[in-house]
Amino acid sequence: METKKSAKTVAPRVPMPCQPPHVRAHNFDEVALGYTGEMAMQEASRCLQCKKPRCVTGCPVEVPIRDFIAQVAQGNLAEAYKIISSTNSLPAVCGRVCPQENQCEGKCILLAKGQPIAIGRLERFVADSHNSSKINAPRAEMPACDISPQARKVACIGSGPSSLTCAGVCAAAGLKVDVYEALHEAGGVLIYGIPAFRLPKNVVGVEINGLRHLGVEFRLNHVGGRTVDVRELLENYDAVFIGVGAGLPVFLNVPGENLVGVFSANEYLTRVNLGRAYDFPEQDTPAFPGKNVTVFGAGNVAMDAARTALRMGAESVHIVYRRTRDEMPARKEEIEHAEEEGVKFAMLAAPVRFNGNDEMRLESVTLQKMQLGEPDASGRRRPVPVEGEVYELPTDLAIVALGTRANPILLDATPDLTKNKWGYIEADPDTGETSIPNVFAGGDIVTGAATVILAMGAGRKAGQEIVRRLKP
């Protein structure tokens, strides 16, 4: 039946309005402007309403996608929001940063025609409409409720997407939830890692305030493994969820990496985003200035760093990657936006050393030309040096965006937590429970660096198990 439906003529996807590249490259306002109501209904009307929607199988939190889209097509936004939020605690966030092309949209039957339904854009539209017009439709999983003084208690360490989702599921069920965050602002990677031009801070704030409305309390400036100890929490809480992410940066390990002007992407983006350096001088927290900026890596974090540096006043920004554009792991949309804004790509190149002046300040980077050889263990062709082919790239600010590892602070303070060979916490894939009874974990601290929505899926699964155990 679905095959016959897909044979019907379907209108092309409704494009997303965006700021012009020459304008947005100089501000931190959101690049994508969002659908209008008319555009959203037009896009929603393209949905074939499959009897067995494949899109749901690609969603880590199992949003009833077909059903919410049907409501959007009819203009019933309150009902659409209720459907989305029955499984998704952060719809305004997910609509912006989830890699829908590899998940829900990647399963859409219309992908065969190259025109899958713009599910993420519709999710964003519904969530933004709810937040801006104060529809106040109750969340199916997260209705506003009063927490009983006798309620069982849950502690969440970290306030990134996995912890926020776990907290929301537990609070909606009437459990008392406290979230412990190491930094001075809640939101985790959503605040310190993702720039405002992709995810505005007020969007994250609205979602967090929704959790506060459910009775969730946020305890800031509490560092897991230092001021917050898992075993001590178990003395006062019935369950603990660990969602601290994987925030230890990976470096290049080449000569000169200790020069002034070489940063990890974590530090650079945190200074700009959490420290609000993008709003200098209104915020007195300037970032390290760079005239000629080079970013190493090709994932979404690398794109964020490069585009941020451009907005911070860089005259030139290069992304250096040792493979080709076809192998870049970043979202296609982010790569295209970066290129439109003026970011240059140095493909098939790898750093040999950083070069500095007498004051130990970075002046350039020496790059080795590469070529693709035989496939490695991952199946990708392995980059190998081209003998004798090196060149120098002027650089006074280098940003290393090669990924992250598990931060050992909490793990070292909790030696009875079983870890895998990569140093991440081992957790039951079905419940999220760790080797310590009633201690759960999810997100990057379990899987390694992954996506927001996968972390949310882990937080939701753990939250549901906690509720099952603690709810009378």
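The values are calculated or read from the model by the stated rules, or taken from the named source; none is laboratory data. A quick note: this is a predicted structure, and the numbers were derived from the prediction, not measured. Every residue, glycine among them, receives a Cβ derived from its backbone with ideal geometry; neighbour counts consider all protein chains shown. Keep in mind that these areas ignore ligands, DNA and RNA; they rest on the heavy atoms of the full protein, side chains included. Shrake-Rupley method; radii C 1.70, N 1.55, O 1.52, S 1.80 Å.
Overview of results
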item: Probe 1.4 Å, protein heavy atoms only - accessible area per residue of segment 152-253 in square angstrom; result: 33
item: Volume per residue of the C-alpha convex hull in the chain, rounded to whole Å³; result: 164
item: Per residue, in Å², the accessible surface of segment 380-472 once ligands and nucleic acids are set aside, probe 1.4 Å; result: 50
item: Kirkwood hydrodynamic radius of segment 171-264, Cα pairs, Å; result: 15.9
item: Charge tally in the Cβ shell below 13 Å around Ile425, where Lys, Arg are +1 and Asp, Glu are -1, Ile425 excluded; result: -3
item: Theoretical gain in end-to-end length, Lys113 to Asp229 [0.36 nm per residue, Cα-Cα removed]; result: 36.5 nm
item: Segment 332-472: C-alpha gyration tensor shape, a/c 1.5 cut-off, then a/b vs b/c; result: prolate
item: Relative packing of peptides 186-193, 29-36, 282-289 - highest average C-beta neighbours within 10 Å first; result: 186-193, 29-36, 282-289
item: Mean Cβ count within 10 Å, highest first, over the residues of peptides 10-23, 431-444; result: 431-444, 10-23
item: Tensor-based shape of segment 267-398 (alpha-carbon gyration tensor, a/c under 1.5 rounded, otherwise prolate or oblate); result: oblate
item: Ranked by how many other beta carbons lie within 10 Å on average, peptides 326-333, 304-311 from highest; result: 304-311, 326-333
item: 3J(HN,Hα) from dihedral phi, segment 18-32, Karplus parametrisation 6.51/-1.76/1.60, rounded to Hz, x for glycine, proline; result: 9, 4, x, x, 5, 8, 5, 5, 10, 9, 9, 6, 4, 5, 7
item: Summed side-chain charge close to Val177 - residues other than Val177 whose Cβ falls under 12 Å, Lys, Arg +1, Asp, Glu -1; result: +2
item: Accessible surface of the chain, 1.4 Å probe, proportion on carbon and sulfur as whole %; result: 50
item: Prolate/oblate/rounded label for segment 54-94 (Cα gyration tensor, a/c 1.5); result: oblate
item: Nonlocal amide H pairs with Phe440, under 5 Å, H built at 1.01 Å; result: Val240, Phe241, Ile242, Thr434
item: 222 nm mean residue ellipticity, helices alone, for the chain (DSSP H n ≥ 4; -39,500 (n - 2.57); rounded to 500); result: -9000 deg cm²/dmol
item: Mean-position separation - Cα centroids, segment 222-291 and segment 174-214, in angstrom; result: 15
item: Rounded FRET efficiency, nearest 0.05, which uses the C-beta distance separating Arg405 from Met360 and R0 of 35 Å; result: 0.85
item: Greater than 23 Å apart at Cα, pairs in Lys51/Lys107; Lys113/Lys461; Lys332/Lys419; Lys82/Lys153; result: Lys113/Lys461; Lys332/Lys419; Lys82/Lys153
